[in-house]
1. Out of 298, 343, 278, report the one residue that is of a type in the set (Lys, Arg) and modelled with pLDDT of 95 or more.
2. Could you name every one of the strands (runs of 3 or more DSSP E) located completely within segment 179-261 that has at least 2 residues being of a type in the set (Ser, Thr, Tyr) and assigned by TED's automatic domain parsing to the domain that holds residue 148?
3. Checking residue 170 against (1) within 19 Å of the chain's Cα centre (by Cα); (2) more than 30 Å from residue 62 (Cα to Cα): exactly one of these is not met. Which one?
4. Within the group 257, 235, which residue is at pLDDT 95 or above and in contact with a helix residue (DSSP H, G or I) (Cβ under 6 Å, 6 or more places away or on another chain)?
5. Can you work out which of the residues in segment 200-239 that are under 22 Å from the mean Cα position of the chain (by Cα) and among the hydroxyl-bearing types (Ser, Thr, Tyr) is farthest from residue 81 (Cα to Cα)?
6. Of all residues in segment 311-365 being touching a residue at least 60 places away in the same chain (Cβ under 8 Å) and more than 30 Å from residue 177 (Cα to Cα), which is surrounded by the fewest Cβ atoms within 10 Å (Cβ to Cβ)?
7. Hey, does segment 273-288 have a residue that's crowded, with 16+ Cβ neighbours inside 10 Å, part of a helix (DSSP H, G or I) and among the β-branched types (Val, Ile, Thr)?
8. Name the residue, out of 311, 327, that is basic (Lys, Arg), more than 22 Å from residue 152 (Cβ to Cβ) and part of a strand (DSSP E or B).
Amino acid sequence: MGVEGCMSIIVMLMFLINVNIFSDEIIREYSKLKKPEIPLPHLQTEENLNNMRKDIHIYTTKDIFPFEYEAKKECDKKINILKNFSIHVIGCNIIEKGNDYSYTIEYIPELKKPDLVPSIIINEYKPSKTYWNENLAKKELNKSLSRFQQSPLNLIDYEILEIENEYSFKILYIDKNILKKTKTYYVNFEKFTYGKYSFESEAKKNIYIITNKLKQKNIQVFSASVIENGNDYSIEIEYINKVDDITKPSKNPLHSISSYIAEEIFPFENNALNEADKRTEVFLKANMNVIHTYAYPKDNDWSFAIDYVVKNLYKNGTFVRKEYTIKRYKNPSNFDFESEAKKAMHEKINNFNNAGLYVVGWQVYESSGNYNFYIDYIGKD
């Protein structure tokens, strides 16, 4: 090999050595740079999916099945219910629970056809009146149930209650929910408790009958299961509801149950109750349904109260006012004699009624040695 060949080899070796030194320097400098942290993958639970994302939600059932195929069969059944309401389902996941199985359903909560799903509120009515024995409470419950059926509120369930050695009742009913106007509505799963049974087997036996009854009342039942309720058993109903927001849905009942507490004086309880029943006709003239009347002690005498249904008015999902309110007119002038005050009061009552103002209560009273009167009437704001 000549001198020129040796020189070429030496130059090449020097080049390779410099390249390696430069590469090592780059690697050392790169290692000093702060590398971005790569988050570790985490399990997508129902909670973090539903709270952080609005595109996919997870429905989780409490039901347990001894065999995998049973869980899959029930999951497919639930998916078909959702599809009937045009709710998009992503998939069904079978989950092992010990030696048993359960399932979850991934779905998109946005309603593509919102008219298919109603928006309702399930409310409870409890009168403030209690009765000294159970038979009296049952009698008043039956009267109230009859009145509920004539009202715009849809009756679901009822129950006699024992309250501090006395008795009352409660009534479960459906009302329409007034939603805000929005481009997108969503599906929501909501629950309520139905009935009271002494035996679990009795509650299970009634599930099919109850769910069919509720579907006829336009409650879109999704699932029903027996739960313990104190020393008894009840049926927990889960239903599909339409909402205007996933995190803070509107709760705007179309109707309210309000009370008119009269101040008139009657010597006996029956006198007060009879008068209360007469005044219910006035509410009906104003298209307001009375659902319960009762007498209450006032000093050493009696007066009465009337619970009635009134429509709520909303503007774009925001409460504006009740359609009707009960107002009080106080006569501006005094009278020397009670008979004069009564005569003037009845004349004005006739004038109120002729003007389309529905009079529900009145009373002459004494003030500073003179007499005057007031008139309670149903009016609009």
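The values are calculated or read from the model by the stated rules, or taken from the named source; none is laboratory data. The structure presented is a predicted model; accordingly, all values stated were derived computationally and were not measured. As a convention, Cβ positions derive from the backbone with ideal geometry for all residues, glycine included, and neighbour counts pool all protein chains shown.
1. Going through 298, 343, 278 in turn, the sole match is 343.
2. Correct list: 186-197, 220-229, 232-243.
3. Unmet for residue 170, out of (1) within 19 Å of the chain's Cα centre (by Cα); (2) more than 30 Å from residue 62 (Cα to Cα): (2).
4. Result of the check over 257, 235: 235.
5. 234
6. Of everything passing the filter in segment 311-365, 363 is surrounded by the fewest Cβ atoms within 10 Å (Cβ to Cβ).
7. yes
8. One residue alone meets the criteria, 327.
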